[in-house]
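Notes follow once the structure below has been shown.
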Amino acid sequence: MPSTLSIICPVCEQAELQHFQTLKNQHYLRCSECQCTVMAPDSRLSAEQEKTIYQYHDNNPGDPGYRRFLSKAADPLLARLPRGAHGLDFGCGPGPVLAGMLEEAGMTMALYDPFFHPQPDVLQQQYDFITCTEVLEHLHQPAAVLRQLDSLLKPGGLLAVMTCFQTDDTRFASWHYRRDPTHVVFYKEETLVLIAERYKWALEIPRKDVAIFTKAE
């Protein structure tokens, strides 16, 4: 079992996490307020172990299958943006394919990733939009990052998030997304609704596993 010390939900910061499931040596907790599922801190990899796994990700910009995957977020975002909008690809990883796709569509992009593009200067300005694809599930302190992203968005700016939504607790143990050891937080649609309410963002879910938040003017 995980440590019995109380842990406040790292997503909504409104409730203590409760035991959800134990699967082999991994312990998972649940927030009764926002319904997220969190891997217990004592079950997580070290930062160096995580980075090693990320380095093996095959993010090939010439792979049409990977581009189709990213288009789930890119297409609805581009439908809402004027040409020439300035964006930040937050958590872009070693191969910022999405940023390249958006640049091809006429946007200008900045890159940030704590492991592969640690450029703090890009976190000192504001953006018309931010992409955060396949990132939220890796964050150990998502609320702190969401506050930061809110501060980086201009009024009326868009935040495009892509992560596999958790939909069925009975299938959690066998869920492929859970089995990635770098995935430590899992979000239900209810979680995203609460996030939007907390930051006073408008929420749209244009496609499966994609959320677009709009910051108030």
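The values are calculated or read from the model by the stated rules, or taken from the named source; none is laboratory data. Just so it is clear, the structure is predicted and the values come from calculations on it, not from any experiment. Note that we place each Cβ from the backbone using ideal geometry, even for glycine, and neighbour counts take in every protein chain shown. Heavy atoms of the whole protein, side chains included, go into the accessibility calculation; ligands, DNA and RNA do not. Shrake-Rupley method; radii C 1.70, N 1.55, O 1.52, S 1.80 Å.
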Cα-based Rg/(2.2 N^0.38 Å) for the stretch 158-217, rounded to two decimals, is 1.22
So the carbon and sulfur contribution to the accessible area of the chain, 1.4 Å probe, in percent, is 51 percent
Length gained if residue 115 through residue 16 is fully extended, taking 0.36 nm per residue and subtracting the Cα-Cα distance, is 32.7 nm
For the chain, dividing by residue count, accessible area per residue (probe 1.4 Å) in Å² works out to 48 Å²
The answer for the net charge of residues other than residue 31 whose Cβ lies under 12 angstrom from its Cβ, with Lys and Arg +1 and Asp and Glu -1, is -2
Taking a label point 7 Å from the Cα of residue 71 along Cα-to-Cβ, the residues of the stretch 96-114 whose backbone nitrogen sits under 18 Å from it are 97-107
Stretched fully, the stretch from residue 182 through residue 105 gains (0.36 nm per residue minus C-alpha distance, one decimal, in nm) 24.6 nm
Here the Cα Rg-to-2.2 N^0.38 Å ratio for the stretch 44-161 is 1.03
A student applying the Cα gyration tensor rule (rounded when a/c is under 1.5; otherwise prolate if a/b is larger than b/c, oblate if not) would label the stretch 115-217 oblate
Percent antiparallel among DSSP beta bridges confined to the stretch 60-200, rounded to 5, stands at 5 percent
Per the helix-only model, the chain has a calculated mean residue ellipticity at 222 nm (DSSP H runs of ≥4, -39500 (n - 2.57) each, divided over all residues, rounded to the nearest 500) of -7500 deg cm²/dmol
If every Lys and Arg gets +1 and every Asp and Glu gets -1 at its Cβ, then about the Cα centre the stretch 98-202 yields a dipole, in debye to the nearest 20, of 280 debye
Against the 2.2 N^0.38 Å rule of thumb, the C-alpha Rg of the chain sits at a ratio of 1.00
Per the Cα gyration tensor, the stretch 1-112 corresponds to an equivalent ellipsoid with semi-axes, largest first in Å, of 35, 19, 12
Here the stretch 42-92 gives, from Cα atoms, an Rg and Dmax in Å of 15.3, 45
Length gained if residue 190 through residue 124 is fully extended, taking 0.36 nm per residue and subtracting the Cα-Cα distance, is 20.6 nm
